[in-house]
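Worksheet for the structure shown next.
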Amino acid sequence: GKYTLYKKTNLKQEPIQKDSLYTLLVECHMWYPDIVYAQIIKESSIGQNVLETHTNNITGMKYPGRRKTTAYGKAPDGYAQYANWQLCVIDKMLWDYDVFKYKKPTREQYLSALNDIYNPGHDDYRNSIESIIKKHFKE
């Protein structure tokens, strides 16, 4: 069945700082935090689009039909709404676990799955993510 773990609250929205975002990804033990970070940049420009829509959806998550979620509701366009951006990050982790059945994929499998889900039939999404990673995570 469908589970909603959090309800909408009047929490003061904390601005998204790049360092605190990446720290949260690492501390939550996200698989491939650099990939998730790049996805967040692509989906929300580090929160700029999120604050305009008031959904706090920094990862482009659709509201789930069956899995557990930290979203409190669904926007008219079908995207999930969160009380804050941190809950969106946690929901992304729940999504990852659901998609991969709690087994960590290889980096290649993870990138391919993101591309297939966010932009089926094209490599544009994956190429965008890889480009953002190169820009933000120079070796």
| request: Report yes if some residue within the range 31-46 is modelled with pLDDT of 90 or more and part of a loop (DSSP other than H, G, I, E, B); otherwise report no. | output: yes
| If L51 passes every condition in (1) part of a helix (DSSP H, G or I); (2) modelled with pLDDT of 90 or more but one, which one does it miss? | (2)
| note | Within the range 56-102, the residues that are surrounded by 19 or more Cβ atoms within 10 Å (Cβ to Cβ), closer than 16 Å to Y118 by Cα and of a type in the set (G, A, S) are A80
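The values are calculated or read from the model by the stated rules, or taken from the named source; none is laboratory data. All values reported here derive from a predicted model rather than from experimental measurement. Heads up, the Cβs are rebuilt from the backbone with ideal geometry, glycines too, and the neighbour counts pull from every protein chain shown.
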